[in-house]
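Scroll down for the structure; my scribbles are underneath it.
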Amino acid sequence: MAMIFTDESRTFSEYLLVPNLTTAENTPENVDLSTPIVRYRKGKEEPALKINVPLVSAVMQSVSDSGMAIALARYGGLSFVFQSQPIAEQCEMIRKVKKYKAGVVISDSNLMPHATLADVLDLRERMGHQTAAVTEDGSPTGKLLGLITSRDYRVSRMDPGTCVTEFMTPFEHLVFAREGTTLKEANDIIWEHKVNQLPIVDDQNHLVGLVFRKDYESHKENPNELLDTNKSLIVGAGINTRDYKERVPALVAAGADVLCLDSSDGFSEWQKDTLVWIKNYDPEILVGAGNVVDAEGFQYLADAGADFIKVGIGGGSICITREQKGIGCGQASAVLAVAKARNEYFAKTGVYIPICSDGGIVLDYHITLALAMGADFIMLGRYFARFDESPTRKMLVGGNYVKEYWGEGSNRARNWQRYDDGGTGGKMAFEEGVDSYVPYAGKLKDNVDTSMAKVKATMCSCGSSTIEELQTKARLVVVSSTSIIESGAHDVIQKESDRPR
Ligand code: IMP
């Protein structure tokens with residue numbers, strides 16, 4: 001006889017938070033949104049990885065490429081670069097994020113001394129950078145002979161065949177700093193000498209990197225930037241249960257800081273095998289798994305060694321898994337069930353495994369609800385797809401700007417590894433996702449600023465200054481369908497409004 005759960009499965013919109021006492025300490029400035037994302041012995045050690053805002057972008061072609069990863073890490077969150085692409089291409093995206101530094105940038109526009117103005121223009125076109133280094137062997141770490149910026153040449157007045165050594169600023173005339181100079185010292189030199197970039201060289205005058213004035217200024221605007229010990233942005237990468245023996249070592253070599261198994265149903269022996277292989281290959285690799293919706297799924301992946309566990313089946317905005325396969329669970333109920341299992345696991349073992357609520361965030365307050373219900377961080381697809389920084393096209397449809405957004409289980413993405421049924425690889429018998437548009441919403445920073453302001457305001461209403469405090473103190477109530485109607489503006493004739501939802 002089949003087992004039937006007695007509780008109905010519910011979603012976020014069916015709950016509200018009941019405010020707690022707000023104290024004088026509970027102001028938005030005092031709210032800390034940082035959160036652990038990998039397992040650790042809570043109370044005994046610090047987690048190996050924390051993020052500064054509790055948001056990660058979905059492992060999807062239409063959401064998480066290097067551009068999104070840079071923008072989100074600069075804000076304090078994290079992207080998982082999509083895995084439904086060849087290993088080399090995914091690694092290239094990871095390298096691009098790691099190379100992007102608000103501090104010292106490894107020069108990726110380099111020329112040999114016999115290069116010409118035509119080569120400079122070609123390089124500028126390809127790389128999009130105004131500054132090129134001339135090194136003895138044309139490599140990013142070769143002996144520095146000179147620098148070329150757009151001030152050094154005039155295309156209209158010079159022969160394209162002119163050799164770079166004739167117009168570059170030669171090393172003898174360059175302001176430079178030695179390896180070991182701190183970012184702060186480098187910026188003092190930039191200011192003192194009124195230059196826009198500062199090459200850093202070792203004691204043999206080999207190029208180590210460049211520090212740009214503009215990077216330092218934007219770094220100051222991003223106090224939450226998520227950086228590793230080399231001051232590179234932190235980036236995650238999706239993986240699958242098929243080609244992990246090749247993909248994982250390549251991604252780690254490319255610099256991925258944390259991995260995430262990308263699957264619509266993670267309660268499987270394939271996930272266990274993958275986790276065990278990775279931890280044997282290198283126990284230092286951080287890897288999350290999922291998705292699950294109940295205590296059994298959590299326990300299985302926790303025992304298999306997952307560093308975080310992702311929760312959610314069927315709640316994604318582009319998802320038709322529940323319609324197609326009849327599996328899943330309301331997102332709120334799934335988070336509550338898995339958070340309970342996680343807390344029990346912690347009480348038993350002393351190991352805290354962060355959980356990530358994945359999919360189904362429609363309104364900003366759903367983020368706060370998911371956190372209050374026990375999620376440590378939230379994965380979002382539709383939300384991030386709307387921004388300038390997502391990889392998809394911005395289009396005008398019916399007089400409104402939209403961006404494209406498609407599911408990994410749609411025919412467009414054909415991410416069969418995510419929907420692996422264990423059969424012969426490469427096929428998808430039916431779709432589990434749709435291809436769609438989402439309303440264009442502008443810059444990531446402007447939108448996340450507003451969303452986080454709302455999260456902080458709600459946390460203050462709930463008397464909480466940290467996510468952990470919110471999880472402990474939150475009091476939630478199920479709302480009736482009639483009171484849901486009461487939640488929006490009602491019984492008034494609303495004036496025209498472009499209030500974003
Ligand atoms: P959203 O934030 O509601 O748009 O949901 C994004 C999440 O939906 C992703 O992180 C995935 O877990 C899930 N997802 C992505 N593509 C598909 C699909 O094609 N079908 C079902 N779920 C998907």
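Helix 244-254 sits at what angle to the longest principal axis of the chain, using alpha carbons and giving 0 to 90 degrees rounded to 10? The angle comes out at about 50 degrees.
Its Cα gyration tensor gives the chain an equivalent ellipsoid; the semi-axes, largest first and in whole Å, are 44, 26, 24.
Partner lysines whose Cα lies under 21 Å from the Cα of Lys143, excluding those fewer than 8 positions away in the same chain, are identified as Lys99.
What FRET efficiency, computed as 1/(1 + (r/R0)^6) with R0 = 41 Å and r the Cβ-Cβ distance, is obtained for Thr22 and Arg393, rounded to the nearest 0.05? Efficiency computed from Cβ-Cβ geometry: 0.40.
When every Cα-Cα distance of the range 1-49 is counted in 10 angstrom steps from zero, the calculated P(r) takes the values 15, 20, 31, 26, 6, 1 percent.
Just to check, using Stokes-Einstein with a Kirkwood Rh over alpha carbon pairs, what's the diffusion coefficient of the range 160-261 at 10 °C and 1.306 mPa s in µm²/s?
So the translational diffusion coefficient is about 94 µm²/s.
For Lys96, the lysines whose Cα falls under 20 Å of its own Cα, not counting residues fewer than eight places away in the same chain, are Lys214, Lys231. Helix 87-99: angle to the longest alpha-carbon principal axis of the chain, degrees 0 to 90, nearest 10? For 87-99 against the chain, the angle is about 70 degrees.
Check the range 261-377 and count each lysine pair with an alpha-carbon distance under 21 angstrom, considering only pairs eight or more places apart or from different chains.
Taking the Cα cut-off of 21 Å, the pair count is 6.
The angle between the Cα long axis of helix 331-349 and the main principal axis of the chain comes to about 80°, on a 0 to 90 degree scale.
Over the range 16-161, the ratio between the Cα radius of gyration and 2.2 N^0.38 Å evaluates to 1.55.
Kindly identify the range 342-501 as rounded, prolate or oblate by the Cα gyration tensor criterion: order the square roots of the eigenvalues as a ≥ b ≥ c, call it rounded if a/c is under 1.5, otherwise compare a/b with b/c, prolate if a/b is larger, else oblate. Here the range 342-501 falls in the oblate category. Dividing the convex hull volume of the alpha carbon atoms of the range 18-94 by its residue count gives 156 Å³ per residue. Three principal axis extents describe the C-alpha atoms of the range 303-388; from largest down they are 40, 31, 21 Å. In the chain, the DSSP-assigned H stretches of four residues or longer account for a calculated mean residue ellipticity at 222 nm of -9500 deg cm²/dmol, using -39500 (n - 2.57) per stretch and the full residue count as denominator.
Readers should treat all values here as calculations from the given coordinates under stated rules, not as data from a laboratory. Fair warning: this is a prediction, and the values are worked out from it, not measured in the lab. Heads up, the Cβs are rebuilt from the backbone with ideal geometry, glycines too, and the neighbour counts pull from every protein chain shown.
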